[in-house]
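Quick notes on the structure that follows.
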Amino acid sequence: MKPCFTPTAGGTFYKNLQHTIVAHKDSFEFVIKLERRSYFTASLFPLRENRMLMAAYWGKVLTLLPDGVVEEFLKDKDGIQLWRRGGDGEVLGLSQTIDCGMDSIDALFTKPVCDAVFALCNACVKLYNHCLFTFDDEQLVTLWETFR
């Protein structure tokens, strides 16, 4: 899975758009251009009953934060939560499940989906900045290795 912050887009942007969508076999990537050579990528997984899981992969980075920091950070972020792997519960990143009100493929280009992905992006950027200012040198290396 592609990390949520990456130096390559993996897709083509229309002339004046800040975001694009990349299709995969079982999922989609919603890519937002943050600045030159800096992109945010959220994976979108269609679910049953017109719902979609949006996930931002962080690798091991979030496990470096003290217990409760991420949960406290997310308490006012509407519906965004820790994304855990089924089975062992390993923290993979941040996620949000949204009700699209229509088939997931049709919903990809709607305002509610775009707004939800941009909200997830904003939460990730703020958490990333928190990590930059609180991590020690060894933790910063892990951050750099994850998102390079």
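Any read-out appearing in this document is the output of simple, stated calculations on the displayed coordinates, not a laboratory observation. No experiment lies behind these values; they were computed from the predicted model shown. Note that we place each Cβ from the backbone using ideal geometry, even for glycine, and neighbour counts take in every protein chain shown.
When only DSSP loop residues count, what trypsin sites (Lys or Arg not before Pro) in the range 25-63 have their Cβ near at most 16 other Cβ atoms within 10 Å?
In loop regions of the range 25-63 (DSSP not H, G, I, E or B), the sparsely surrounded trypsin sites (Lys or Arg not before Pro) are LYS25, ARG36, ARG37, ARG48, LYS60.
Work out from phi, with θ = phi - 60° and the Karplus expression 6.51 cos²θ - 1.76 cosθ + 1.60, the ³J(HN,Hα) of each residue of the range 12-22, listed in order in whole Hz, and give x for Gly and Pro.
Result, rounded to whole Hz: 9, 9, 5, 2, 10, 8, 8, 9, 8, 10, 10.
Going by amide H atoms built from the backbone, whose H comes under 5 Å of the H on TYR57, apart from near neighbours?
Excluding prolines and chain starts, which carry no amide H, the hits are CYS4, SER43.
So if we plug the beta-carbon distance of THR12 and GLU72 into 1/(1 + (r/R0)^6) with R0 = 35 Å, what FRET efficiency do we get, rounded to 0.05?
So, using R0 = 35 Å, E works out to roughly 0.35.
Looking at (1) 1.10; (2) 0.95; (3) 1.14, which value of Rg/Rh (Cα atoms, Kirkwood Rh) comes from a calculation on the structure shown?
(2)
Where is the GNM fluctuation largest for the chain (alpha-carbon springs, 10 angstrom cutoff): VAL61, VAL70, VAL117?
For the chain, modelled as a Gaussian network with Cα springs under 10 Å, the answer is VAL70.
By count of other Cβ within 10 Å, fewest leading, how are TYR39, TYR57, TYR128, TYR14 ordered?
TYR14, TYR128, TYR57, TYR39
What is the sum of charges around LEU65, taking Lys and Arg as +1, Asp and Glu as -1, for the other residues whose C-beta is under 15 Å from the C-beta of LEU65?
-2
With an 8 Å Cα cut-off and a minimum separation of 6 or more residues, compute the relative contact order for the chain in percent.
Result for the chain is 22 percent.
Can you compute 3J(HN,Hα) from phi for each residue in the range 110-116, using the Karplus curve 6.51 cos²θ - 1.76 cosθ + 1.60 with θ = phi - 60°, rounded to whole Hz and x for Gly and Pro?
8, 4, x, 5, 4, 4, 5
Specify the residue with the greatest mean-square fluctuation among ASP88, ASP103, ASP78, computed from a Gaussian network of the chain linking alpha-carbon atoms under 10 Å apart.
Result: ASP88 has the largest fluctuation of those listed.
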